[in-house]
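Shown next, in structure tokens, is the structure this report addresses.
The values are calculated or read from the model by the stated rules, or taken from the named source; none is laboratory data. Quantities reported herein were computed from a predicted structural model and do not represent experimental measurements. Cβ placement follows ideal geometry from the backbone for every residue including glycine, while neighbour counts extend to all protein chains displayed. Side chains are part of the model used for accessible areas, which takes the heavy atoms of the whole protein and leaves out ligands, DNA and RNA. Shrake-Rupley method; radii C 1.70, N 1.55, O 1.52, S 1.80 Å.
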There are 2 protein chains.
Amino acid sequence: MARLATLDKPDEPRSAAEDRAAQVLMTAADLIFRNGFDATSMNDIAQAVNLTKAGLYYYTKGKDDLLYKIMAFAMDCVERDIVAPCREIQEPEERLRQIILHHLNVIFVTGGAITILTEEVNKLANAQKQIIVARKREYLDLVRDTLGQLKESGRLRDLDITIAALNMFATILGVARWHKPKGRLTKDQIAAETTEFILAGLLLDQ
Amino acid sequence: MARLATLDKPDEPRSAAEDRAAQVLMTAADLIFRNGFDATSMNDIAQAVNLTKAGLYYYTKGKDDLLYKIMAFAMDCVERDIVAPCREIQEPEERLRQIILHHLNVIFVTGGAITILTEEVNKLANAQKQIIVARKREYLDLVRDTLGQLKESGRLRDLDITIAALNMFATILGVARWHKPKGRLTKDQIAAETTEFILAGLLLDQ
């Protein structure tokens, strides 16, 4: 139960989405995403995660803190499960492909809400906002550097790198919004076809 | 001022986004998008559109009705400014290109909030939700039929048509989220590059 504190240590070897604290954050994120931050009470969240209100406050100081913890957890997943493994890939086209695939996998493992809520940095207090924005920038830099390498080697279509990155992320975040875990389409099919869509949209001769 | 009623008549020749009533809806949508539906009061909206609260109630029965009117207005724009002109285009690849370009143009003219709020159909009462969903389906059918024609003629990549349509809309809606009217990128550049990204992602030999 007290493991929520460990979410701040992205160098731990276990998968970030596996423990009980992560389940609390993912369920809270889902509730906030469906009903809105203001319309969701700490009581609602405690009920949904099967805790007393006091039990929930053992994890978090309050709703604002919870929103920050959700975003920090999302960034743990991004850093541990996308940035760290993909940074090791030398060939930029393969790196881009693996970034997309790993990001989609994070969405499938954590549920879309966690991912979508990371867009709401403006709801955070300024100091916390700056931390999340800086962590997001690290990921964005990896993507921009990769697109830049592909542009230099003549593999990128005639696209502005910012527009390319924004369209890529919009497509990935789109999956977080439209994917239905119990729908007709399998995760593998969605991951394969969405990755092909993005790569073909960005690169020549796909 | 009483022209809000005419928003239900998509066969009127003027542009749907041009009159005062449309401005009220676009401003209200922007406020609701930025602050959340629950956190936005009718007072806030009245202030933002420079009306007394009584003046605002002349337009709309209340906040729920306003949300419906925003979505109905969005669908007026879709039907008048995307579906009607693009349905006339015989060649499916050109039809697809013009659907994307016209949709991006609607986003630039009305502002992104109007477009993004059409995702919130679950906030509507059931009867209103059904009307909006049916109107959206008409547009979706045009896109699916177009993708189906392209698949039949061997122009579409090896993609499920549903995934193709969802990725296409995610990219377009993404522009509604990330476009900053006063940013470095011009609308023309965003429209051209985003259209190329989507067409290349969907079609062979682009």
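Worth pointing out:
- Among chain B residues, the one whose Cβ is nearest the axis of the rotation from B to A, given with its distance rounded to whole Å, is B:Gly201, 2.
- Trypsin sites (Lys or Arg not before Pro) restricted to region A:92-197 and DSSP loop, no more than 12 other C-beta within 10 Å: A:Lys182, A:Arg184
- Scanning chain A for GluC sites (Glu not before Pro) lying in DSSP loops with no more than 15 further Cβ atoms inside 10 Å, the longest uninterrupted stretch between such sites is A:120-206.
- Counting only protein chain heavy atoms and rolling a 1.4 Å probe, the accessible areas of A:Ser41, A:Ser153 rank, largest first, as A:Ser153, A:Ser41.
- Within the assembled protein chains, the solvent-accessible surface assigned to A:Asp64 is about 100 Å², based on a 1.4 Å probe.
- Each other copy places its own label point for A:Lys63 at 1.3 nm from this one, sorted shortest first, where the point lies 7 Å along the Cα-to-beta carbon line.
- Average other protein chain Cβ within 10 Å of Cβ, residues B:171-180: 4
- Rounded Å value of the spacing that divides the Cα centres of region A:28-107 and region A:149-173: 26 Å
- Placing a label point 7 Å from Cα along the Cα-to-Cβ direction at A:Asp205 gives distances to the equivalent points in the other copies of 1.8 nm, listed shortest first.
- Chain B, accessible area per residue, ligands and nucleic acids excluded (1.4 Å, Å²): 46 Å²
- Percent of Cα pairs exceeding the 17 Å cut-off, where the set is region B:64-202: 60 percent
- Sorted shortest first, the distances from the B:Ser41 label point to those of the same residue in the other copies are 2.0 nm; each point sits 7 Å from Cα along Cα-to-Cβ.
- Cα coordinate range in the protein assembly as shown, projected on the principal axes (Å, largest first): 62, 54, 40
- Helices of chain A meeting both criteria, an alpha-carbon length of 18 angstrom or more along the long axis and an average Kyte-Doolittle score not below -0.5, with helices taken as full DSSP H segments, are A:20-35, A:63-78, A:92-110, A:161-178, A:187-202.
- Residue among A:Ala46, A:Ala113, A:Ala74 with the largest mean-square fluctuation in a Gaussian network model of chain A, springs linking Cα atoms under 10 Å: A:Ala46
- Near A:Ala125, once Lys and Arg are set to +1 and Asp and Glu to -1 for all other residues with Cβ below 14 Å from its Cβ, the sum equals +2.
- Net +/- balance of residues flanking B:Ala192 in space, Cβ distance below 11 Å, scoring K and R +1, D and E -1: -3
- Cβ-defined net charge surrounding B:Leu66, 14 Å radius [Lys, Arg +1; Asp, Glu -1]: -1
- Residue-averaged 222 nm ellipticity for chain A, from DSSP H runs of 4+ at -39500 (n - 2.57), nearest 500: -21000 deg cm²/dmol
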